[in-house]
Amino acid sequence: MKVYLCFPGGKHKALTMSYDDGRVQDRKLISIFNKYGIKGTFHLNSALLDQPERIPADEIRELYKGHEVAAHTCTHPTIARCPKEQIVQELFNDRVNLENIVGYPVRGLSYPNGSHNKQIRELLPGLGYEYARTVEETGDFGLPEDFFRWKATCHHNHRLLELGEKFINLYKTQYLYLMYVWGHSYEFDNDNNWDLIENFCKMVGNRDDIWYATNIEIVDYLKSYEMLQFSASMKFVINPLAHSVWLNVDGEIVEVKGGTRVDF
């Protein structure tokens, strides 16, 4: 018997988008995402929301509905150069401030200026973080080996359409594929290339073979799989959690609903 993890619905491909700084161009980017059924994670600096080029606090909850609001530190310092006391304040207070706005736990982070080190990474779980994205890129579609050094597939200016076409043509169901795109929405204004993201979303969006997820949804789902309780004989599995996990069991897609036992 072969048992493989699947993404929700039995899918083997997932797409997630990650955009930093909460600039006003997020409005246009989100409208494009919503048009094509794509989900994004938006990393905000809570102490900078009163700046004119930023999305104001009173707009955040409604604008980012259906997507994920995550942290980016309060003031966007290069945190690897900061005292640990300042690092803790920047990371913890950003969570507090953003949670007061959106009404749910903020558990994700993107490192400001890509700045991180071992000390910072070790602080994050104690401050309530589940993952943190770097500015490094892999150029491929693998799952992260370390959620606190989560590398994207690419920045949107780096071979986006080429990689997107490669992604939608992946067909080997024995693998799980994740395409992760990052950037800043204001770059589309600066580079005059909104057509790039529109064409990408049109190409990869609204497909029934891709799971469209936020960063935290991917983290939660993969951790849910790790919580499944398989019998040593591989004759059954128990899901002690509230939500479903999907498996491929000898080629058959099986949904293991929350709080249930499934016999193989």
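Using 1/(1 + (r/R0)^6) with R0 = 41 angstrom and r between the beta carbons of K202 and Q86, what's the FRET efficiency to the nearest 0.05? Computed FRET efficiency for K202 and Q86 comes out at 0.45.
How far is helix 84-102 tilted off the main Cα axis of the chain, in degrees rounded to 10, range 0 to 90? Tilt of helix 84-102: around 80 degrees. Normalising the Debye intensity of the chain to I(0), with uniform scatterers on Cα atoms only, and taking log10 at q = 0.08, 0.16 Å⁻¹ returns -0.34, -1.23.
For the range 159-263, trypsin sites (Lys or Arg not before Pro) meeting the loop criterion (DSSP other than H, G, I, E, B) and having at most 10 other Cβ atoms within 10 Å: K172, K235. Sorted ascending by nearby beta carbons within 10 Å, beginning with the fewest, I168, I120 become I168, I120. Sorting R121, R23 by the number of Cβ atoms found within 10 Å of their own Cβ, with the fewest placed first, yields R121, R23.
Go ahead and estimate [θ] at 222 nm for the chain from helices alone: -39,500 (n - 2.57) per DSSP H run with n ≥ 4, summed, over the residue count, rounded to 500. Mind dumping the intermediate values first?
Values: 8 runs with 81 residues, N = 264.
The helix-only estimate for the chain comes to -9000 deg cm²/dmol at 222 nm.
So how do W246, W211, W194 line up by other beta-carbon neighbours within 10 Å, fewest first?
Working: W246 19, W211 23, W194 15.
With the sparsest Cβ surroundings first, the list reads W194, W246, W211.
Which FRET efficiency, nearest 0.05, do E162 and E53 yield, Cβ-Cβ r, R0 25 Å? Provide the component values of the computation, followed by the final result.
Working: r = 31 Å, r/R0 = 1.24.
The value I calculate is 0.20.
Excluding same-chain neighbours fewer than eight residues apart, the aspartates and glutamates reachable from K166 by a Cα-Cα span under 18 Å are E137, D140, E198, D208, D209. Label-to-label distance, F236 versus T260, with points set 7 angstrom from Cα along the beta-carbon direction: 1.4 nm. The gain in end-to-end length when the T138 to K223 segment is fully stretched comes to 28.4 nm, 0.36 nm per residue minus the alpha carbon separation. Here K235 is the anchor, and the aspartates and glutamates within straight C-alpha reach of less than 14 Å, apart from those fewer than 8 places off in the same chain, are D250, D263.
Read-outs throughout are calculated quantities, based only on the coordinates presented, and are distinct from any laboratory measurement. The model shown is predicted, which means the values in this text are computed figures rather than measured ones. Glycine also receives a Cβ, built like all others from the backbone with ideal geometry; neighbour counts cover every protein chain displayed.
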